[in-house]
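Any read-out appearing in this document is the output of simple, stated calculations on the displayed coordinates, not a laboratory observation. This structure is a prediction, so every number in the text was calculated from the model and none was measured. Every residue, glycine as well, gets a Cβ built from its backbone with ideal geometry; the counts of neighbours run over all protein chains shown.
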Amino acid sequence: MVQIADVTAVLMPVWSGEPRANPEPCRAGDEGLFEVTARDGRARLGKLHTKHGILQTPTLLPVINPNIRTIEPREMWDRYGIGALITNSYIIWKHDNLKQTALEHGVHALLDYPGVVMTDSGTFQSYVYGDIEVGVQEIVEFQRNIGVDIATMLDVFTRPDMKHGEVKVAVESTIERSQVSLDIANDTMLNGPIQGGLFSDLRRHSASAMGKFEFSVHPIGGIVPVMEQQRYRDYAKIMLATTPHLPANRPRHMFGCGHPMLFPMSIALGADLFDSAAYALFARDGRILTPWGTERLDNLVEWPIIMPCISGETPASVRLMDKEERIKLLSMYNLEITLAELARCRQAVRDGNIWRLVEQRSHQHPALRDAYLWLTTNPATKAAIRINRDAMPLDELTSSQDTANPGEWEIGWDWIVDSQITPRRGGEQWASSDTLSRPHIIAARNLLHNRWHPRASSTTPNDTVVVFYGSSGPWRTRCEILVSNLLHYLPGLEIMISTPIGLVPYSLEDVNPFCHVEGPDWIWSNQLDMAKVTEELDNLSLSGRRIIPVDLRKENFEATLFDRLSELNGSSDLQFTDGKITITDDVIFKQGRLNLNRLKAADKFSVLFNLGHETAVDICQTAEFIVNKHGRIKNVLSSGGKHLASFRLGDGGLSLNNQGAIELFNRRRKALPKTFAETSIAPYSGEGLAVVIVECDAEPFVRKGRNVFHGFTVASDPWLRPGEACLICNTDGELIGHGVSQSTASELATMKKGVAIKTREGIKQGE
């Protein structure tokens, strides 16, 4: 994950019994702006700036029926710290007493609620009851006049049973209503709903067209009937067809979605806001919400989850309550469950574990499992499909396929994968074949396959690959001296390590996620599947090589390796003493260790800094190193002693220094970018670190090491990735600093608030 800003100071105590102060309006000029404060791929924590406070996302807007208030809005504000709610402007407009009060005193006074108020337009009522009586302009004007923070235009609802032609008419009608609705809204923030039914082309069209208008929020509509029928695969398809095509600087709102079971998947796919009356509707039906579905009060002996509101109560005692008292308590229980699951999701984003939570939740409901399998199997990269196919049970594999629309969803999935942050800190907890489907795992493998290249040895060519297996890391404790000696004798030899998530070159043995997979011993100790090894080597451009498997569990593995290498290489110079492949000359031995360090640095420069292989080798072939007491590389130095980069011991990554940034910038051959464009990162392998161009106003701050904020960027290379190092230039093409990107290229193009690049160092003029 990328932590962009510290938000702890603004978080409220959990469910306080004390009254809360009314919110402060956002800073002048910030109304309607959205910023990202932390992210895990496309999942993000953010802030939406409004007249009635800064709304932290992802969050739920509970639906309030102004005629039936199961939980009072003021209680939602004071007790639960809920920053926003949604009510229906059409209901208020239709009832004279509500209408008059709202027009005279405002919607906040009507509801007795000081936070952010969003209103729906009546579109959903048209789905439930048929035609409504209010006009397109009239309902927006009414919402503006009653002082809502976020209004909603009157879009045309699309049902999942509608034909393509019918849905197209609805989508076009909604688009046609957009500008006039915005004109009427004036300075009131306005929702621009996305429709399109179950048709991916219409969802994409709707998102792209509506995104061109100056809306503040984009709700994804038409999903309630899909959720009611538990068609969660279709729900995932709608999101995957929609979210990649919406402007990154606007929150994405899942209209009518409020069941906690759907939060992790929705947030992982880019959702920011939710709304629902489920907390109250299910309570009226005697049901409680859980992260795995619903439970009937009548069937409960004990509470499945203990929440504060039921302190001192049992299901039996609640059943004996007066009806309205029981509904109120169950509504509070449902709301607390919902808020708790959202908090769990937000923390998962901070920890970089949102997809782990998604896969955990997928096992708790069959329809959700079906959606997850479709997401992670059908629209995945070919490499991921090959990995998963043999590991998945046949029935799961079969269920996940969508042969009717081959190739339709890959763009959406790539949008998820290309935004992943890798390497990242922390262990990778094994969870069966699902682990292989985590987008950041796929991203790590893609970077390795696209950016790593085999070594070429003109002096001593070798067509052999040694594959270590059977043991978890750190492999350097058993293999470091062996590997350096082997590469001295056989410079063209490739040495790989088998991990549960794929092969990794020994030179990258400390890079997450390959090295830190946490799980039972058997995930490491299984025998090699040579067919899979061959496929992996194909992905690494090592096709046709002879393979020597080496089981690290065996005490005599060096002797076995020596015999096999001697057999394959004939009159080799390999020396073998006391069960070890050795180098007796101390000078040569030290040179071998240095050469291995140079190989590690070159391969990391290639994979993590996106350098071409030859360029990386050229930079590192004379490099020197500062190592710690355990022999691990700390700093990479040029032959002249200049500090180029540092090895990060926590995740195996690289941190760039000023001299390294200057060196990489001077070696760039591609013209500097003139605009923003985001595309697949694969075609740009070897092009070097992405460059971001900033406005002249930002230059003095960057040179002092200050962060780059959204709104001050002019252009960037299309392969810019969150969490990856980048170079910062001024509009004259001069290098002024370097840092770590917090965004993709398209996000830089649209976002207007928040940190875009966390600057590591500024480069002073003349440096």
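Observations
- Modelled label reach - residue 667, point 7 Å along Cα→Cβ, the stretch 578-615 residues with backbone N closer than 18 Å: 595-615
- When each full DSSP H helix of the chain is screened for a Cα extent of at least 27 Å along its own axis and an average Kyte-Doolittle hydropathy of at least 0.0, the helices passing are 164-185, 586-609.
- Low-density loop positions, GluC sites (Glu not before Pro), the stretch 44-148 - DSSP coil, at most 16 other Cβ in 10 Å: 133
- Between the stretch 530-552 and the stretch 231-307, the alpha-carbon center distance in angstrom: 44 Å
- Fraction of antiparallel bridges per DSSP, the chain only, in percent to nearest 5: 55 percent
- For the chain, a simple Cβ point-charge model (Lys and Arg +1, Asp and Glu -1, everything else neutral) yields a dipole of about 1300 debye relative to the Cα centre.
- Cut-off 15 Å between beta-carbons: net charge of the residues surrounding residue 690, Lys and Arg +1, Asp and Glu -1: +3
- Share antiparallel - DSSP beta bridges, the stretch 445-634, percent rounded to 5: 45 percent
- Amide hydrogen proximity for residue 465: with H placed 1.01 Å from N in the peptide plane, the residues at 5 or more positions away or on another chain lying under 5 Å are 546, 547, 548.
- Residue ranges 601-613, 521-533, 482-494, 179-191 sort as 601-613, 482-494, 179-191, 521-533 when ordered by packing (mean number of other C-beta atoms within 10 Å per residue, highest first).
- Neighbourhood net charge (9 Å Cβ-Cβ; Lys/Arg +1, Asp/Glu -1) for residue 272: +3
- The label point for residue 173 and the one for residue 322, both projected 7 Å from the Cα toward the Cβ, are 4.6 nm apart.
- Other residues within the sphere of radius under 14 Å centred on the Cβ of residue 589, judged by their own Cβ, net out at 0 (K and R +1, D and E -1).
- Using the empirical formula 2.2 N^0.38 Å as the baseline, the Cα radius of gyration of the stretch 535-587 reaches a ratio of 1.39.
- Label-to-label distance, nm, for residues given as residue 585 and residue 543 (7 Å Cα→Cβ offset): 3.9 nm
- Option label - Cα extents along the principal axes in Å computed here, alternatives [x] 119, 60, 54; [y] 90, 72, 50; [z] 97, 64, 54: [z]
- Extreme residue, positive dipole direction of the chain, given options 709, 205, 765 (C-beta unit charges): 765
- Extension gain, residue 411-residue 300: 0.36 nm per intervening residue step, less the Cα-Cα distance, totals 35.5 nm.
- Between residue 431 and residue 695, the simple spin-label model (points 7 angstrom out along Cα→Cβ) gives 4.2 nm.
- Residues of the stretch 50-64 with amide N under 17 Å of a point placed 7 Å along Cα→Cβ from residue 24: 50-56
- Sequence-distant residues sharing a close amide H with residue 637 (under 5 Å, placed H): 624, 625, 626, 644
- Packing, as the average of other Cβ atoms within 10 Å across residues, places the peptides 32-40, 469-477 in the order 32-40, 469-477, highest first.
- In the chain, a dipole from Cβ-located charges (positive for Lys and Arg, negative for Asp and Glu) runs towards its positive end, and of 739, 373, 258 it is 739 whose Cα lies farthest in that direction.
- Shown in residue order for the stretch 630-645 are the 3J(HN,Hα) couplings computed by the Karplus curve 6.51 cos²θ - 1.76 cosθ + 1.60 at θ = phi - 60°: 8, x, 7, 5, 9, 10, 9, 10, 6, 4, x, x, 7, 7, 8, 6 Hz (x for Gly and Pro).
- The Kirkwood hydrodynamic radius of the stretch 657-762, based on inverse pair distances between different Cα atoms, is 13.2 Å.
- Among 622-628, 712-718, sorting by the average number of other beta carbon atoms lying within 10 angstrom of each residue, highest first, gives 712-718, 622-628.
- Rounded to whole numbers, the Karplus 3J(HN,Hα) couplings from phi for the stretch 698-707 are 7, 4, x, 6, 4, 4, 8, x, 7, 5 Hz, using 6.51 cos²θ - 1.76 cosθ + 1.60 with θ = phi - 60°, and x at Gly and Pro.
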